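The values are calculated or read from the model by the stated rules, or taken from the named source; none is laboratory data. Being a predicted model, the structure only gives us computed values, none of them experimental. Cβ sites come from the backbone with ideal geometry, for glycine too, and all protein chains shown count toward neighbours.
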Amino acid sequence: MTVETLSGNGLFSDRYMHDPYRVFSELRGVGPIHRANTPSGIPVWVVTGYAEVSAALMDGRLRKDSARLRAIIDRATLARLDGSDRAETVATDMLNSDPPEHTRLRKLVVKGFSARRVERLRPLVQQITDELLDAMVEQGAGGTVDFVDAFAFPLPLTVIFELLGIPRADQRAFRAWSTVIVGSGSRDELRRATTAMGGYLAQMMAAKRSAPADDLLSDLVEASDAGDRLSPLELVSMAGLLLIAGHETTVNLLGSTLLALLQHPDQLAKLRARPELLDPAVEESLRYNSPAPVTTWRYAAEPMTIGGSSVTTNDIVLLALGAANHDGRFPDPDAFDIERKTGGHLSFGHGIHFCVGAALARMEAQVALGRLLERFPDMALAAPADELRWRPSVIMHGLAALPVRLGRQ
Ligand code: HEM
């Protein structure tokens, strides 16, 4: 077992933000668990081995209770900016709570995202996809277009807005808040964005209460009024979580999938020739370049051993899903192969916090990719891949921009 020095292993360095997989691959031979400092100086454990990550995801000794996590982080850092503030923004949502609160909160929404419910949304997703592609064609006529800005961002955002019943016209303001909340802005910026989004959502809830509609927000308002099952703060936190989780990760998936295909012309040609590979191609993209390569933060509620290292009470433990997905459990793990067996990849997590929106994200990516391939037979990258910008984040990995030439239609 080897434990590297606190900042010497590349985790969360600038190089990591650009290409976490190179760092993961260097760490693979060293061991399944590593020490690192987040960019704001918070010491954490990062688990990278497949067996250790999947076991940890199921381990009830690793907890998420946001109040305690925040206290731990504040003590460790004298309240420097990072996860401490993230925890504050999402104080009472399911992703940052443990059973029994977690069970109660999750139950309220999980049915709304079942595979059957999601299938019913497919025509809507197809329609939004086509509208966005039409607009992208106009925008990119004769030149290049930024796929992230024109398509990858607005598709999942429009879908989750429709699902919750929030007016499309408010997307621009929401997108600005969300970028600050998941990004690496200053404490003040974060606080302003969180307050503005919370105020907006509270207003939206009030509107749904006086005029309920056939949407998820109205259902949540009704549930909280009927059985006192959601406090006003929980209601706003739930809506905020669904809005942010519902699009930030999917944006990354759409951008990374298109990039991987454009960088691997043999795989792209195979997919064009055999459209039945669409679903496996999306799964391989999820494995190959996880939209959230590291989970949200957990702390050890008691002493435990992970991958041969002693983790003590209150240590923060991050589970590197992206590293686990490139473990030797998957043969030739750094190759992008749309026909590989991807079963057991961990990109949506595992255990009680398994992604509520997995079926929705998969369906959006399948529809988007299918339509893109049909419509643009010779779409190409319009910038060298090593010059592409990635959004700086400890837990997410996604392109800031993806310039493409649409070509013939
Ligand atoms: C949880 C990934 C899309 C809603 C999670 C977790 C991961 C994840 C890894 C678990 C985090 C942890 O254990 O720390 C992704 C990826 C997506 C995606 C890769 C897209 C490609 C969505 C969508 C929604 C959504 C579209 C829809 C609203 C949630 C929620 C949770 C969650 C509510 C918390 C579940 C819980 O704590 O029980 N997601 N997600 N996600 N995701 Fe997603």
| remark: Of those in region 175-215 that are hydroxyl-bearing (S, T, Y), at pLDDT 80 or above and under 21 Å from T296 (Cα atoms), the residue surrounded by the fewest Cβ atoms within 10 Å (Cβ to Cβ) is T179
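Select, from V236, V282, the only residue that is closer than 22 Å to L95 by Cβ and of a type outside the set (S, T, N, Q). Walk me through how you get there before you give the answer.
On the way: V282 fails: closer than 22 Å to L95 by Cβ.
One residue alone meets the criteria, V236.
Looking at region 239-258, is at least one residue in a loop (DSSP other than H, G, I, E, B) and under 22 Å from A400 (Cβ atoms)? Reasoning before the result, please.
Start the filter on region 239-258 by keeping residues that are in a loop (DSSP other than H, G, I, E, B), which leaves none.
No, that holds for no residue.
Condition test on G308, is it of a type in the set (G, A, S) and under 20 Å from H34 (Cα atoms)?
Values: of a type in the set (G, A, S): yes; under 20 Å from H34 (Cα atoms): yes.
For G308, the condition - of a type in the set (G, A, S) and under 20 Å from H34 (Cα atoms) - is met.
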| task | Those residues that are surrounded by 19 or more Cβ atoms within 10 Å (Cβ to Cβ), among the aliphatic types (A, V, I, L, M) and either under 25 Å from F24 (Cα atoms) or at pLDDT below 95 (or both), I need them from region 396-407; list them, please. | result | M396, L399, L402, L406
| task | Take S224 and decide whether it is hydroxyl-bearing (S, T, Y), within 24 Å of M396 (Cα to Cα) and in a helix (DSSP H, G or I). | result | no
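To keep it simple, each residue is scored yes or no on (1) of a type outside the set (D, E, K, R); (2) within 17 Å of L242 (Cα to Cα); (3) at pLDDT below 95; (4) in a helix (DSSP H, G or I).
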position: A55; (1), (2), (3), (4): yes, no, no, yes
position: G60; (1), (2), (3), (4): yes, no, no, no
position: A67; (1), (2), (3), (4): yes, no, yes, yes
position: I72; (1), (2), (3), (4): yes, no, yes, yes
position: R75; (1), (2), (3), (4): no, no, yes, yes
position: D85; (1), (2), (3), (4): no, no, yes, yes
position: T92; (1), (2), (3), (4): yes, yes, yes, no
position: V110; (1), (2), (3), (4): yes, yes, yes, yes
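Take the conditions more than 16 Å from the ligand (Cβ to nearest atom), under 21 Å from F151 (Cβ atoms) and free of Cβ contacts under 8 Å to residues at least 40 places away in the same chain and apply them to D332. Does it pass?
Against the criterion (more than 16 Å from the ligand (Cβ to nearest atom), under 21 Å from F151 (Cβ atoms) and free of Cβ contacts under 8 Å to residues at least 40 places away in the same chain), D332 does not qualify.
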| Out of curiosity, is R391 surrounded by fewer than 22 Cβ atoms within 10 Å (Cβ to Cβ) and within 16 Å of the ligand (Cβ to nearest atom)? | yes
| Scan of region 5-22 for residues that are touching a strand residue (DSSP E or B) at 6+ places or on another chain (Cβ under 6 Å) and either loosely packed, with under 14 Cβ neighbours inside 10 Å or at pLDDT below 85 (or both), ordered by number | L6, S7, N9
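Going through L318, L278, L286 one at a time, which residue ends up being part of a strand (DSSP E or B), in contact (Cβ under 8 Å) with a residue 24 or more places away in the chain and of a type outside the set (D, E, K, R)?
Values: L278 fails: part of a strand (DSSP E or B); L286 fails: part of a strand (DSSP E or B).
The conditions single out L318.
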| When the residues of region 217-248 are filtered to those that are more than 22 Å from T296 (Cβ to Cβ) and at pLDDT 90 or above, which remaining residue is farthest from the chain's Cα centre (by Cα)? | S218
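Yes or no, residue by residue, for (1) modelled with pLDDT under 95; (2) under 16 Å from T257 (Cα atoms):
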{"site": "G349", "(1), (2)": "no, no"}
{"site": "H353", "(1), (2)": "no, no"}
{"site": "V356", "(1), (2)": "no, no"}
{"site": "R362", "(1), (2)": "no, yes"}
{"site": "R371", "(1), (2)": "no, yes"}
{"site": "V394", "(1), (2)": "yes, no"}
{"site": "Q409", "(1), (2)": "yes, no"}
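Tell me the helices (runs of 4 or more DSSP H) entirely within region 138-214 that contain at least 3 residues that are under 24 Å from L233 (Cβ atoms), of a type in the set (G, A, S) and touching a helix residue (DSSP H, G or I) at 6+ places or on another chain (Cβ under 8 Å).
Values: elements: 154-164, 171-182, 187-210.
Counting at least 3 such residues, we get 171-182, 187-210.
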| query | What are the residues in region 150-179 that are over 26 Å from G198 (Cβ atoms) and not small (G, A, S), if any? | reply | F151
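Hey, does region 292-304 have a residue that's farther than 22 Å from A281 by Cα, of a type outside the set (D, E, K, R), more than 9 Å from the ligand (Cβ to nearest atom) and in contact with a helix residue (DSSP H, G or I) (Cβ under 6 Å, 6 or more places away or on another chain)? Can you show your working first?
Taking region 292-304 as the starting set, the residues that turn out to be farther than 22 Å from A281 by Cα are 295-304.
Restricting the remaining residues to those that are of a type outside the set (D, E, K, R) gives 295-297, 299-301, 303-304.
Now narrow it down to the ones that are more than 9 Å from the ligand (Cβ to nearest atom): 299-301, 303-304.
Right, trim to in contact with a helix residue (DSSP H, G or I) (Cβ under 6 Å, 6 or more places away or on another chain) and you get 299.
Yes; the residues of region 292-304 include at least one that is farther than 22 Å from A281 by Cα, of a type outside the set (D, E, K, R), more than 9 Å from the ligand (Cβ to nearest atom) and in contact with a helix residue (DSSP H, G or I) (Cβ under 6 Å, 6 or more places away or on another chain).
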| field | First in region 112-133 and among the hydroxyl-bearing types (S, T, Y), second anywhere and surrounded by 13 or more Cβ atoms within 10 Å (Cβ to Cβ), Cβ under 8 Å, 6 or more apart | value | S114/A359; T129/L155; T129/V367; T129/A368; T129/R371
| query | Is it the case that some residue within region 304-327 is crowded, with 23+ Cβ neighbours inside 10 Å and of a type in the set (S, T, Y)? | reply | no
| In region 335-373, how many residues are of a type in the set (D, E) and near the ligand (Cβ under 8 Å from one of its atoms)? | 1
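Quick check, is D386 more than 9 Å from the ligand (Cβ to nearest atom), crowded, with 16+ Cβ neighbours inside 10 Å and more than 19 Å from the chain's Cα centre (by Cα)?
Details: more than 9 Å from the ligand (Cβ to nearest atom): yes; crowded, with 16+ Cβ neighbours inside 10 Å: no; more than 19 Å from the chain's Cα centre (by Cα): yes.
Spelling it out, it is not the case that D386 is more than 9 Å from the ligand (Cβ to nearest atom), crowded, with 16+ Cβ neighbours inside 10 Å and more than 19 Å from the chain's Cα centre (by Cα).
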| How many residues are among the acidic types (D, E) and over 26 Å from the mean Cα position of the chain (by Cα) when one looks only at region 189-216? | 1
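Among the residues of region 267-283, are any under 14 Å from R340 (Cβ atoms), touching a Phe, Trp or Tyr at 6+ places or on another chain (Cβ under 9 Å), of a type outside the set (D, E) and near the ligand (Cβ under 10 Å from one of its atoms)? Quick ask: steps written out before the conclusion?
The initial filter retains those residues of region 267-283 that are under 14 Å from R340 (Cβ atoms), namely 267, 270-271, 277, 279-283.
Keeping just the survivors that are touching a Phe, Trp or Tyr at 6+ places or on another chain (Cβ under 9 Å) gives 267.
Those left that are additionally of a type outside the set (D, E): 267.
Right, trim to near the ligand (Cβ under 10 Å from one of its atoms) and you get none.
The answer is no; no qualifying residue exists.
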| note | Of the candidates L121, L132, the one satisfying the condition of being within 16 Å of the ligand (Cβ to nearest atom) and either under 21 Å from L243 (Cα atoms) or modelled with pLDDT of 95 or more (or both) is L121
